[in-house]
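Here's the structure we're looking at; comments come further down.
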Amino acid sequence: MELADLLGISTGVTAVIGGGGKTTLLRTLGESLCARGRVLLCTTTKIYPFPGIPLARSASELAVLRECPLVCAGTVLPESGKLTALPVPFSRLASEFDYVLTEADGAAGHPLKAHASHEPVIPPGAGRVITVVGASGFGRAVSEAAHRPERYAALCGASLTDPVTPALAAAVLRAEGLPGSVYVNQVEDAASLAAARALAAALGKPVLAGSLHLGVWQRLEP
């Protein structure tokens, strides 16, 4: 089964949050879904452009690319080259594209993430939210594995030096109470698969686990 189907993605706006592979997930989904309809990759925070995918840097450029099945859009920040959101309502984007996939969070390269009060930046009308958990964070100290580590430690009752276990990661996810489904990325060996299974058990609900790098994934029941 295709990843988009396992994640339950339908037409409209899907927000991707968390850490450990959000941008890669957007590209993977976009390249798959463009066979079904027009797809837009964008952000409510900041992302780098996607190499090889047409970039619209304004609403007018977006209109020029109306025949392209897969498009990236965002305002370019000159100091970093990253993209931020176009000044276009998501309702309009959703009317022009079959699928709008937006990265709605930042993790500064960390596999795990705890959210500040202003995060994540989920756009209005998002019909699906996917939280990405990077399996490479398991077994590492909270201070190394998590973005906003103090917040992460507080949410799961750990110290900054404690290694992240599936139980602690589940405690953070439960405490934050974010909607949608969980995708555990970077599952590439028996140990990381066992950790993903333990996370599903601790959450008491199914998670999807796999490797975007290897192109494999599966549904894990609790």
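The values are calculated or read from the model by the stated rules, or taken from the named source; none is laboratory data. Everything numeric here is computed off the predicted structure, so don't read it as measured data. Here Cβ is always computed from backbone atoms with ideal geometry, including for glycine, and neighbour counts include all displayed protein chains.
Before moving on, here are some points about what is shown:
- Exactly one residue out of Val13, Val76 is of a type in the set (Val, Ile, Thr), within 16 Å of the chain's Cα centre (by Cα), farther than 23 Å from Val187 by Cα and modelled with pLDDT of 95 or more, and it is Val13.
- Residue count for region 10-36, restricted to those that are touching a Gly at 6+ places or on another chain (Cβ under 9 Å), buried (at least 24 other Cβ atoms within 10 Å of the Cβ) and not in a helix (DSSP H, G or I): 8
- Helices (runs of 4 or more DSSP H) wholly inside region 146-222 containing at least 2 residues that are within 25 Å of Ile9 (Cβ to Cβ): 166-176, 190-203
- For Ser136, the requirement of being closer than 24 Å to Leu7 by Cα and either of a type outside the set (A, V, I, L, M) or at pLDDT below 95 (or both) is met.
- Among residues of region 187-216 that are within 23 Å of Thr28 (Cα to Cα) and at pLDDT 95 or above, those with a Cβ under 7 angstrom from a residue that is among the hydroxyl-bearing types (Ser, Thr, Tyr) and not in a strand (DSSP E or B), sequence gap 6+ or separate chain, pair up as Leu212/Thr24; Leu212/Thr28.
- For Val216, the test of being within 30 Å of Asp98 (Cα to Cα), of a type outside the set (S, T, N, Q) and surrounded by 15 or more Cβ atoms within 10 Å (Cβ to Cβ) is failed.
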